[in-house]
Amino acid sequence: MRHVLATFRTSLLLWTIGWIAASQTQAAQPADAVPESASIVVRWASPQGSLEKLADFVDAVQPGYGEFVRNGLTELDVVPGLKSIDLAQEVWAICFLDPKSDEPKVVFVATATDVDEFKDALASSNESDRLVVHAWGKLVAFSDEGSEAMELVRKRLDGEGKSFWTTIDAPSKVLFDAADVSVVLNVKQLSEAFTEGWKDEGGIGAFLEQFSDALPMSLPDSDGSKALSEIYESFSKSTLQLVQDSKSWTLGVTFTATAIRYEDRLQVNAGTETAKFLARQPSGDLSLLGKLPRNKQAYLGMKGDMWGLTEWWMNTMKAMMSELTEDQVAAVNAAAKEMAGQKYEEMFVYLELADKAPALRYSLISVETPTRRSREISNKLMKAMSEVRTSTGTRKQTVELDAVKIGGLPADRWVVTDVRDKAPGENEVNFNTLLNGDNEQHLVMYQPNRVLQVKGGIPEMLSLVTALDSPRKDSAITESRQRLAEKANVILLVDVARLIVNTIKLNADSVPIGMDAINSLKVESSFLSFAIACEPTAVRMQFEVPVQQVQNIKEIVMLFGGAFFGGDF
């Protein structure tokens, strides 16, 4: 029995020692080195691995060029001790900012293949007189000698103080951990520190308000400038409120052979004005995007507080008009109040730049009710704004009710004509003619729960109505949409390469390339994609650059390079 008890005690002792050792080893992770007071944290998940993925992306764009990326780390051999760092593991930079200090304090944390060899390399370098190293197992942290930041990291590695990650919510941490390159800003700490540091200058609020004070001083005194000033002042106040309400901002960059992806997340404090605003912005799947006509060059979908967007547009319209009469200003304000009674669901816009005049063609779809009321408000406003002074002359607007029938449904026609006080320069005439033709004509159709507006004539409206009734999937749109958040408030898809090609075609007489060469460009449909998704206490943004879009732009650059420099560029 004694033998059994002795064996048990020995096993328990060994298990305890092993558990303590395992705990010590587990604690020596780079993430554990970050104290609560850190201002900015940067993490490179694996320099070797991420550069390899980036090289695959570059090779997909231009075969063979990825080798330059793969060789990137060899160019850093001049950095002391780099050969003793395991570049397959995480490399961190922990930054501390102080408004009273001229320079930020930075502590680097990495895993060493040989700690002693790493220390020797630093000791024999030109930086040996100012650098200090702290090792914890294979983990090494190094910074300026005597740096308070280094002491904070040392204590954190020893288990003292609070962890930085107690200030970051779980979704932000997931984003940070998943990316190849990650950055997180402790916005709350920075805001408080700099507000205190700039106390004599009025704090961060006074700093931001300088921008709102600058614009109105440079504008002439008019109704338009006053409205623009109000918009700008509102933007400045919103920016200040956002900074004060924010807790952290996290950015992650991920590389694959098919795309480079950026995603960030702004975390705000619960109960703040910003959080209350986000609560009024319900996200959705924006599924109507998949029903829009194919082969356009840009698509924008929005869901949320559409009344706020409408109010902003009305104020902007007032700001853009230089000499509205009192009656016209009153009409805009009355229309804005009436529109507040509309129930908005979603709004979509798509556009294309055609290769012949009128080049700019777009459509707007607003999912709202009641549409009858929307028609009444719009027509009253158009009538009140039938003749408006602008900075270059007079803008005339007319409405033709039930002007045409498309698909059995009537559509109104809006005609907008600009009458200039003086003839513009040749380039301005060409630009206006290319985009709009002799005048702008919009067709507006009011369906039971949708308002359809197109600039492009009957064929464009027919295309829209047909697509909504019998949608055909666009693979490029579908693929881009699937890579974005399932629920979003804003989605933007832009085919930059095709916009560039059609711009070149519109100006074919001015470029040193024949039309046959331009038409020979192999540009396949793809989109830069962008999304914003509102959460109860956060805003998430995504941006993706697909390899196909970069390949398309490369073809354009190669064509122009050959034209300008001759031969294969």
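The values are calculated or read from the model by the stated rules, or taken from the named source; none is laboratory data. The structure displayed is predicted, hence computed values, not measured ones. With ideal geometry, Cβ positions are generated from the backbone for all residues, glycine too; neighbour counts draw on all protein chains shown. Note: accessible area is taken over every heavy atom of the protein model, side chains too, but ligands, DNA and RNA are not part of it. Shrake-Rupley method; radii C 1.70, N 1.55, O 1.52, S 1.80 Å.
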Exercise. Counting only residues that are surrounded by fewer than 19 Cβ atoms within 10 Å (Cβ to Cβ), more than 12 Å from S143 (Cβ to Cβ), in contact with a strand residue (DSSP E or B) (Cβ under 8 Å, 6 or more places away or on another chain) and not acidic (D, E), how many does the stretch 98-117 have?
Worked result: 2
Problem set entry | Scan of the stretch 470-491 for residues that are closer than 26 Å to G407 by Cα and without any contact (Cβ under 8 Å) to a residue 60 or more places away in the chain, ordered by number | S470
For this session: Return the pairs, sorted by first residue and then second, in which the second residue is outside any strand (DSSP E or B) and acidic (D, E), the first residue lies in the stretch 393-406 and is farther than 15 Å from K380 by Cα, the beta carbons are less than 9 Å apart, and the residues are 6+ apart or on different chains.
Result: G393/D421; T394/D421
Problem set entry | Cβ-Cβ under 7 Å pairs, at least 6 apart or on other chains, the stretch 44-58 side crowded, with 18+ Cβ neighbours inside 10 Å, far side at pLDDT below 90 and of a type in the set (V, I, T) | L51/V69; L54/V69; A55/V69; V58/V69
For this session: Would you check if there is a residue in the stretch 156-163 being assigned to a strand (DSSP E or B), farther than 19 Å from Y262 by Cα and out of contact with any Ser or Thr (no Cβ under 6 Å at 6 or more places or on another chain)?
Result: yes
Exercise. Of the residues S37, S101, which is of a type in the set (S, T, N, Q) and modelled with pLDDT of 90 or more?
Worked result: S37
Seminar exercise, completed: Among residues of the stretch 284-337 being β-branched (V, I, T) and modelled with pLDDT under 75, the residue nearest to S386 (Cα to Cα) is T316
Exercise. Does the stretch 450-465 contain at least one residue that is surrounded by 17 or more Cβ atoms within 10 Å (Cβ to Cβ) and within 25 Å of the chain's Cα centre (by Cα)?
Worked result: no
For this session: Identify the residue in the stretch 164-196 that is aliphatic (A, V, I, L, M) and assigned to a helix (DSSP H, G or I) and, among all such residues, is surrounded by the fewest Cβ atoms within 10 Å (Cβ to Cβ).
Result: A170
For this session: Select from the stretch 507-520 the residues that are open to solvent by less than 30 Å² (accessible area, probe 1.4 Å) and either touching a residue at least 12 places away in the same chain (Cβ under 8 Å) or out of contact with any helix residue (DSSP H, G or I) (no Cβ under 6 Å at 6 or more places or on another chain) (or both) and list them in ascending order.
Result: I513, I518
For this session: Considering each residue of the stretch 264-281, count those that are of a type in the set (D, E, K, R) and touching a Lys or Arg at 6+ places or on another chain (Cβ under 7 Å), and give that number.
Result: 1
Exercise. Failed condition for T74, given (1) open to solvent by less than 70 Å² (accessible area, probe 1.4 Å); (2) of a type in the set (S, T, Y); (3) modelled with pLDDT under 75; (4) more than 28 Å from N186 (Cβ to Cβ), with all others met?
Worked result: (1)
For this session: Considering only the stretch 320-406, give the strands (runs of 3 or more DSSP E) lying wholly within it that have at least 3 residues that are open to solvent by 60 Å² or more (accessible area, probe 1.4 Å).
Result: 393-406
Exercise. Limited to the stretch 260-299, what total is found for residues that are on the phi > 0 side of the Ramachandran plot and either surrounded by fewer than 17 Cβ atoms within 10 Å (Cβ to Cβ) or not in a loop (DSSP other than H, G, I, E, B) (or both)?
Worked result: 2
